[in-house]
Structures are given as structure tokens and as C-alpha cells.
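The values are calculated or read from the model by the stated rules, or taken from the named source; none is laboratory data. This is a predicted model, so every value here is computed, not measured. Because the Cβ atoms are built from the backbone with ideal geometry, glycine has one as well, and the counts that use them run over all protein chains shown. To get the accessible areas, we keep the full protein, side chains included, count just its heavy atoms, and leave off ligands, DNA and RNA. Shrake-Rupley method; radii C 1.70, N 1.55, O 1.52, S 1.80 Å.
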Amino acid sequence: MKHHYLLIGITLLLSGCISKAVKYNEQWSKAKNLTNTAGMAQQMQDQQLPSTAYNKNGQLLDYKLGSISHPAYGKSSGVTGINVMPYGAFETFYWGWSVPGASHRHNHRLFAWMPENKAADIEQARQTMESMVAKTATTILKEMQYKVQLIKKPYIHLGIPFKQWYIQGNDMQCTFKDMNCVLSIYIPEPVGPVITPAFAFYATAGQNAWLFHIADEYRYPRVAITQGDGLKSIPENVFYQKLSARLPGWAYLYLAPDEVGVGENNKTISYPYVLEKGKPLLFLRPVR
């Protein structure tokens with residue numbers, strides 16, 4: 001019952017966006033503006049890099065940054081039909097820069113402003129979103145040479161069943177027999193319609209949308225790949241970037257700290273980011 005009243009309160013709060021557009025906070029990064037508008041207002045912090053990392057125009061200085069590549073970019077990305085170019089600071093990172101995990105949410109989250117004309121009501125919007133994400137995610141895994149097998153009795157969370165698949169790879173680390181690698185998708189009902197923020201990627205600024213928000217700590221949209229202890233068969237960072245690139249521009253992925261792999265060796269770095277149409281947006285405080 002307590003959770004029911006909490007959800008009602010969150011819905012009423014977010015629905016207040018119907019009457020007015022959300023203003024962009026110039027003191028925040030775009031990543032923080034997006035997550036804040038989608039309901040994740042607490043615990044999110046922009047990182048302030050040392051002033052020596054920038055030139056007089058506030059741009060990051062390359063020689064102050066350590067180079068690191070991302071395998072989902074370039075000719076080997078496998079992202080067909082999408083023009084995904086290397087994106088600034090994600091190709092490099094400040095040596096010694098880290099964001100304390102306690103300052104950010106520790107779970108991957110999916111949020112979106114689905115145009116109102118995509119669905120006649122809230123439940124249809126939920127089903128449309130779930131179907132779109134499921135089809136895209138499983139297609140990408142198959143293109144990455146993995147097999148998927150639908151779980152007939154998935155986990156049910158707060159009255160809504162996950163969509164889940166077992167994953168099997170050619171290296172046989174992930175196998176259907178062991179059931180040790182799982183793709184999970186959870187899409188609760190959105191709120192709305194609300195006004196799409198003017199700074200969203202998709203060209204529907206100022207128009208009504210179904211908001212798949214991340215305000216509720218227990219009932220939020222998510223896409224997750226779970227691998228057994230010690231397994232690193234699936235390059236999750238590549239999967240998420242390809243997923244973001246394939247989804248419409250009004251859908252975003254927040255990837256949590258301490259779970260981000262980069263480079264050919266999938267080395268983990270300790271900062272979160274938001275994927276916008278395949279491009280990583282960092283939680284970096286703007287410098288003017």
C-alpha cells in the first residue's frame with residue numbers, strides 16, 4: 001500500500017510537466033538535465049575536472065587526457081544504417097578522474113519520451129515500448145553471434161512480468177544448459193502525456209509524449225544483461241551502444257558507474273553516462 005501511494009505521488013509530480021516545458025539548466029551537463037527531467041533528481045552529480053584540463057574556451061585539452069578507444073565505433077561497429085561518429089570526451093578520459101559510486105544510481109535504467117501518437121493509452125504505450133526494445137535487443141544479440149531462448153516463466157516484479165531470454169555464445173561460456181546468462185527487459189507503465197523537453201534529441205520538443213520515467217526507485221524501465229560469476233563473454237558496452245543507436249532518438253539509456261567496460265579488453269572505468277542515439281553523454285560540469 002505504501003508503494004501504491006508513492007507511485008501515485010510520483011505520477012502526479014511528473015504529470016505536472018503537462019502544463020509547462022522544462023527549462024534547461026545551463027549549470028548542468030546534458031546528461032544530468034536529461035536524467036533529472038526523467039525523474040532521477042537525487043544522487044546525480046556532475047564531475048568538476050581541474051581547470052588545467054580545459055582551454056580558455058572551456059574545451060577539454062587533448063594532451064591532458066588519456067586516450068581510450070571504444071569498439072562500438074568505427075567500421076567494425078556493426079551498427080548498420082546509423083551514422084555513429086566518435087563523440088568527444090568519450091574517446092578520451094581524464095587520468096585519475098573518478099566519480100564516487102555512492103553519488104550515482106547503481107542500476108542501468110531506460111527512460112524515454114514516446115510521442116503520444118504512438119499509442120492510444122498508457123497500457124498500449126507500455127506494450128509498444130516493451131515490444132520495440134525486446135525486438136531490437138534480441139536482434140542485436142543475434143547479430144553479435146549469440147543465440148537467445150525465451151524464458152517462458154519470467155520473473156514478475158510489482159505485478160509486471162519481465163521479458164527474459166537465456167543467452168548462448170559460440171565460446172560456450174554462456175549456455176542454455178547452464179542458464180548462466182540472461183537478457184532481461186522490464187517496462188512498467190509510463191505517465192502522461194507530458195511535454196517533451198526542448199533539449200531532447202528527438203524532434204518533438206514541446207509536443208506531448210508518454211514519459212517512461214525513472215523517478216520510482218523500485219519500478220523503473222530497464223534493460224540488463226546478467227552473466228554468471230566471473231564470465232565476460234558478452235561485451236555489454238558494445239551491446240548497449242548498439243541498442244541505443246538502433247532505438248528512436250526519444251529513448252535513452254543511463255549506464256551505471258562501476259559497470260562500464262571500454263576498449264578492446266573491456267576495461268572498467270568508474271563513471272556513469274547517458275547514451276543518446278549511440279552517443280555517450282558524460283556527467284561533466286560545463287565550463288564557461
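Observations on the model:
- Within the assembled protein chains, the solvent-accessible surface assigned to LEU150 is about 90 Å², based on a 1.4 Å probe.
- With DNA, RNA and ligands ignored, accessible area of SER244 (1.4 Å probe; Å², nearest 10): 0
- HIS106-LYS56 pseudo-label distance in nm [points 7 Å out on the Cα-to-Cβ vector]: 4.6
- The residues LEU275, LEU158, sorted by heavy-atom accessible surface at 1.4 Å with ligands and nucleic acids left out, run LEU158, LEU275 from largest to smallest.
- Out-of-range pairs (alpha-carbon distance over 32 Å; input LYS142/LYS279; LYS32/LYS177; LYS23/LYS153; LYS32/LYS147; LYS153/LYS279; LYS135/LYS232): LYS32/LYS177; LYS23/LYS153; LYS32/LYS147; LYS153/LYS279
- Paramagnetic reach from LEU231 in the stretch 162-185 [backbone N under 19 Å; point 7 Å along Cα→Cβ]: 163-185
- Multiplying the residue separation of TYR155 and ASN117 by 0.36 nm and removing their Cα-Cα distance gives an extension gain of 10.6 nm.
- The accessible area of ILE195, taken with all protein chains in place and a 1.4 Å probe, comes to roughly 30 Å².
- Candidates per trypsin sites (Lys or Arg not before Pro) in the stretch 131-206, loop by DSSP, up to 13 other Cβ within 10 Å: LYS152, LYS177
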